[in-house]
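Okay, structure first, notes after.
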Amino acid sequence: MPLTAPAAPVRPEELRADLPDARLVGTGVLRFFGLRVYEARLWAGPGFVAEQYASQPMALELLYDRKLEGQAIAERSVAEMRRVGPFSEEQARQWLALMTKAFPDVVAQDRLLGLSDGQGGVRFFHNARQTAQTRDADYARLFFGIWLAAQTSAPALRKSLLGLAD
């Protein structure tokens, strides 16, 4: 039986209205101690510039491979955002509350998607259902910076998401 290439990822329905010309920029897998946690996909319009990620419309889609608690995802996100840049304890409290609402518990095959309008507006979806939104340019820059900023804790994943060659 001949081997076939995996099917190309399908553009998420959530992008139809706000990012109609989105294309897959890159994809990669996050592993923890060798175990797959999720596959990440970066969607953006033509001409996306990695260094200006915070000021361009885009979406980050995460397809989970295992069960994780939403609270743990939110707490880890705050810790990872601190790698990208400084923020106050009050901002940390507000953003943790936002992400606790945005990120429910997930199981294998669940999908979380963050959609940035490039102007500080962010909407979150769980399996295509909107869970939360905010308008905060600092939050948008730091949150998406978890994956896209040079200070990321996962530089190989960043490179894959941005479609950069080795």
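Taking the helices alone, the chain has a mean residue ellipticity at 222 nm of -9500 deg cm²/dmol, built from -39,500 (n - 2.57) per DSSP H run of at least 4 residues and averaged over all its residues. Computed FRET efficiency, Cβ-Cβ of Glu75 and Arg16, R0 35 Å: what is it to the nearest 0.05? The computed FRET efficiency comes out at 0.65. The mean accessible area for residues of segment 53-166, using a 1.4 Å probe and ignoring ligands and nucleic acids, is 48 Å² per residue. Computed extension gain for Ala128 through Arg83, at 0.36 nm per residue and net of the alpha carbon distance, reaches 13.3 nm. The fraction of accessible area contributed by carbon and sulfur in segment 34-166 is 51 percent, rounded to a whole number (1.4 Å probe; ligands and nucleic acids excluded). Full extension of the chain segment joining Ala8 with Lys67 gains 18.8 nm, where the gain is 0.36 nm per residue of separation less the Cα-Cα distance. Between Phe32 and Val107, full extension at 0.36 nm per residue minus the direct alpha carbon distance yields a gain of 25.4 nm. Between amide H atoms placed 1.01 Å from N, distances below 5 Å from Val37 occur with Leu30, Arg31, Phe32, all of them 5 or more places distant or on a separate chain.
The values are calculated or read from the model by the stated rules, or taken from the named source; none is laboratory data. Keep in mind that what you see is a predicted model, and the values were worked out from it rather than measured. Using ideal geometry, Cβ is built from the backbone for each residue, glycine included, and neighbour counts are taken over all protein chains shown. Keep in mind that these areas ignore ligands, DNA and RNA; they rest on the heavy atoms of the full protein, side chains included. Shrake-Rupley method; radii C 1.70, N 1.55, O 1.52, S 1.80 Å.
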